[in-house]
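The values are calculated or read from the model by the stated rules, or taken from the named source; none is laboratory data. Every value quoted in this text rests on a predicted model; they were computed, and no experiment measured them. Backbone-built Cβ (ideal geometry, glycine too); neighbour counts: all protein chains shown.
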Amino acid sequence: MNAEYWLDTATEKIRFRPDRKAVRRELQDHLEDRMEAGKAKGLSPYEAEEAATAAMGDPVALAEELARVHSPWWGRLWRLSQWALAIAVLVTVSSAVPRLREYLQYEMYDPPFPFSVEEGSYTREFYTGYAKEITVPEAWDIGGSVDLGHYRFTVSGAWVEEWTVSGEDPYPVRQLVITLRASTWRFWEPLNGSQFMILDHMPSDSGGNTYGYDVDTAPGEDEPLSLFCETFQRGATTWLRVELNQTRDMDSWSVPDWVDIPVGCGGDILRVDLSKGVIS
Amino acid sequence: MAQRHRRRFLRNLFLVLIFSLILWYAEGCPLPTQEMELHRWERQRLAPESTVVWSYQGRQGNDRDMLVGVSPDYVHAYAENYRLTLWPRSGDTATLVVLPDRTRYQDKASSYLDPALVAVDPPPQAESARLFLDFSLRYAGTTEEADPAALTRVPAPTYTLEGDRQEGAFFFQLQRQYRHLGGENPTEEEQLLTGREDDIMAFLELEEPRWLSFSYVLTFYDSDGDLLETVTSP
């Protein structure tokens, strides 16, 4: 039987073309080896070909067996997955990479405020190029954590700041700063980074003081003291810097034992206990 | 050979999943439905999860999908990827909320985008509702605030809106009524009202529950037109 005809017949039922080609090449190698062996024994090329094809067996029966062994489905799935991967790479490179590059550049920025400081002094630099010399007469290590939803809240730092507001009539200012850290494993939903997570509420303390954002003037008796909040996000972590009682009247306010800080829209309250050094 | 194809297929599938995850993250981790997005916004704000009672599908691309949901103490008003506002929920009467984005409506041959409001928890037998809005408070100065009677002298837009029952809530579309006021020579008051209406239409969607700039009277009627409930602004 003609070798080409034998090979075509033996492989014609393999439906996945790359497999058909690969099996045909392999069978062809076997056939050529047999033909060479026949020629070496003194057979003519025609006789060697006939002997080789006869020795390889019935191509029709072999075709049935090869078709059974070489199911096309895995091959087709593999081909499909090659296309899917090519499209995924193309879309990711053209769309996601520029966004991620921009995102990573943002991630490289230094946070706009320190998460914790030690007693002493430090210089805080602002994006506008303005810098402020700040004295830290007291700082605390606050341990523990509180889980609200799937966010874990800890205290990165708590300290008192004092500085002087410059100008024609400079005056000293003192405030309590507490930096809260909220982290989660659900990287697709970090805690909302809006200042109003804190500013929409009124923290209170063990001294009976309350703190509010809408206070523009120096507080009178029984009125809320001032409240401000800055936030920073990196990945799935959000920091909230809470500033309490930015007051000029340094002698009339003392550091409380604890501060209750309402956070978010669900009525949750975090108690930062400075005297015990724990958040609850 | 089949085994080799299977290995390669699984490897490619794994790589496709990795790239898809990168793409999903780069696109801001979008979720498949607006309701899932609403619940994510709620979780990120430590708000309770709401049950959706009303929905709006944006049309023509520049008005957002919106959802209104209820939790035990709040009514949640959400505009797709834009805002979530929580309104204190009245325990035993209906609650009126201002939607956080504008909705589209037809007026003669044109379509407009203007603010809208939704009343949730209406009386079960309510077939119709009416909403009266008075914006005098928004434009009253300090002296007028001290003297309620003076509010009646403040030229400010008022609106009477018929509610449209949708999905168990009542929807009220605010429409301009001073648009063509006064013809070619409007009076000073007409100009003032038109200007104030422009202001209301531009900023009402930013309204916050704590600082309502208007007063309202919301009434519900049964199928016979009998009054069922009246709700007034706090």
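Sort out which residues of the stretch B:12-34 are under 33 Å from the mean Cα position of the chain (by Cα), facing chain A (nearest Cβ under 9 Å) and either in a helix (DSSP H, G or I) or over 27 Å from B:L67 (Cβ atoms) (or both), and write them in order of number.
B:L23, B:W24, B:Y25, B:A26 - these are the residues of the stretch B:12-34 that are under 33 Å from the mean Cα position of the chain (by Cα), facing chain A (nearest Cβ under 9 Å) and either in a helix (DSSP H, G or I) or over 27 Å from B:L67 (Cβ atoms) (or both).
Looking at the stretch B:75-108, which of its residues are under 27 Å from B:Y178 (Cα atoms), assigned to a loop (DSSP other than H, G, I, E, B) and in contact (Cβ under 8 Å) with a residue 12 or more places away in the chain?
B:L99, B:P100, B:D101, B:R102
Does the stretch A:244-267 contain at least one residue that is among the basic types (K, R), in contact with a Phe, Trp or Tyr (Cβ under 6 Å, 6 or more places away or on another chain) and at pLDDT 90 or above?
no
Name the pairs whose Cβ atoms lie under 9 Å apart, with the first residue in the stretch A:74-85 and farther than 16 Å from A:I14 by Cα, the second of a type in the set (V, I, T) and surrounded by 16 or more Cβ atoms within 10 Å (Cβ to Cβ), and 6 or more positions between them or separate chains?
A:S81/B:V16; A:A84/B:V16; A:L85/B:V16
Kindly list the number of the only condition in (1) without any contact (Cβ under 8 Å) to a residue 12 or more places away in the chain; (2) among the aliphatic types (A, V, I, L, M); (3) surrounded by 21 or more Cβ atoms within 10 Å (Cβ to Cβ) that fails for B:L17.
(3)
Residue-wise test of (1) outside any strand (DSSP E or B); (2) more than 16 Å from A:L176 (Cβ to Cβ).
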site: A:F232; (1), (2): no, yes
site: A:T238; (1), (2): no, yes
site: A:D260; (1), (2): no, no
site: A:C265; (1), (2): yes, yes
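Tell me whether the stretch A:149-162 contains one or more residues that are within 14 Å of chain B (Cβ to nearest Cβ), part of a strand (DSSP E or B) and in contact with a Lys or Arg (Cβ under 8 Å, 6 or more places away or on another chain).
yes
Select from the stretch A:108-123 the residues that are of a type outside the set (D, E), more than 22 Å from the chain's Cα centre (by Cα) and over 13 Å from A:T179 (Cβ atoms) and list them in ascending order.
Across the stretch A:108-123, the qualifying residues are A:G120, A:S121, A:Y122, A:T123.
In the set A:R68, A:R101, A:R76, which member is surrounded by 12 or more Cβ atoms within 10 Å (Cβ to Cβ), among the basic types (K, R) and either part of a helix (DSSP H, G or I) or at the interface with chain B (Cβ under 9 Å from one of its Cβ atoms) (or both)?
One residue alone meets the criteria, A:R76.
Could you list, in sequence order, the residues of the stretch A:164-186 that are part of a strand (DSSP E or B) and farther than 25 Å from A:S206 by Cβ?
Those that are part of a strand (DSSP E or B) and farther than 25 Å from A:S206 by Cβ: A:T164, A:V165, A:Y171, A:S183.
Can you tell me how many residues in the stretch A:19-55 are surrounded by 17 or more Cβ atoms within 10 Å (Cβ to Cβ), more than 14 Å from chain B (Cβ to nearest Cβ), touching a helix residue (DSSP H, G or I) at 6+ places or on another chain (Cβ under 6 Å) and not small (G, A, S)?
5
Examine the stretch B:58-74 for a residue that is assigned to a helix (DSSP H, G or I) and within 12 Å of another protein chain (Cβ to nearest Cβ), and state whether such a residue exists.
no
Can you tell me which residue in the stretch B:1-11 is farthest from A:W188 (Cα to Cα), limited to those that are at the interface with chain A (Cβ under 7 Å from one of its Cβ atoms) and in a helix (DSSP H, G or I)?
B:A2
Restricting to the stretch B:35-57, count the residues that are part of a helix (DSSP H, G or I) and in contact with a Cys (Cβ under 9 Å, 6 or more places away or on another chain).
Matching residues across the stretch B:35-57 total 2.
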